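Chemist: Below you will find the structure I want to go over with you.
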Amino acid sequence: MLRDISEIGLACSAPHAIAEMTLVGLDFSLPGATERHHVKGAVVRCEPVKPLVGSKKRWDIAVYFTEITPITRAALKHYVAKGKRAP
């Protein structure tokens with residue numbers, strides 16, 4: 001489950017640990033868009049999250065993008081900027 005995304009990486013939670021420095025490939029679409037993006041990255045953090053009562057164990061994972069196209073970087077920059085605007 002995605003928690004945060006930027007032009008350089010993302011943070012998410014997952015049901016399984018992924019070893020730090022593992023290379024991963026991710027495909028995603030940004031909200032309100034139909035274009036699919038593909039990035040590659042390296043896991044730079046993987047820490048257990050204290051589970052809520054009755055829930056299963058989860059892991060907090062951060063991925064630093066190592067391969068990202070200029071189009072995807074621009075789309076992320078635009079998406080992040082929209083979230084920072086005052087209402």
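The values are calculated or read from the model by the stated rules, or taken from the named source; none is laboratory data. In this text, all values refer to a predicted model and were calculated from it rather than measured experimentally. So basically every Cβ, Gly included, is an ideal-geometry build from the backbone, and we count neighbours across all protein chains shown.
Chemist: Out of the residues in region 46-71 meeting the condition of being basic (Lys, Arg) and surrounded by fewer than 13 Cβ atoms within 10 Å (Cβ to Cβ), tell me which one is modelled with the highest pLDDT.
Modeler: Once the filter is applied, the top-ranked residue is LYS57.
Chemist: Hey, could you check region 17-45 for residues that are in a loop (DSSP other than H, G, I, E, B) and at pLDDT below 95 and say which is surrounded by the most Cβ atoms within 10 Å (Cβ to Cβ)?
Modeler: LEU30
Chemist: Taking the residues in region 4-16 that are touching a residue at least 40 places away in the same chain (Cβ under 8 Å) and not in a loop (DSSP other than H, G, I, E, B) as candidates, determine which candidate is farthest from LEU76 (Cα to Cα).
Modeler: ALA14
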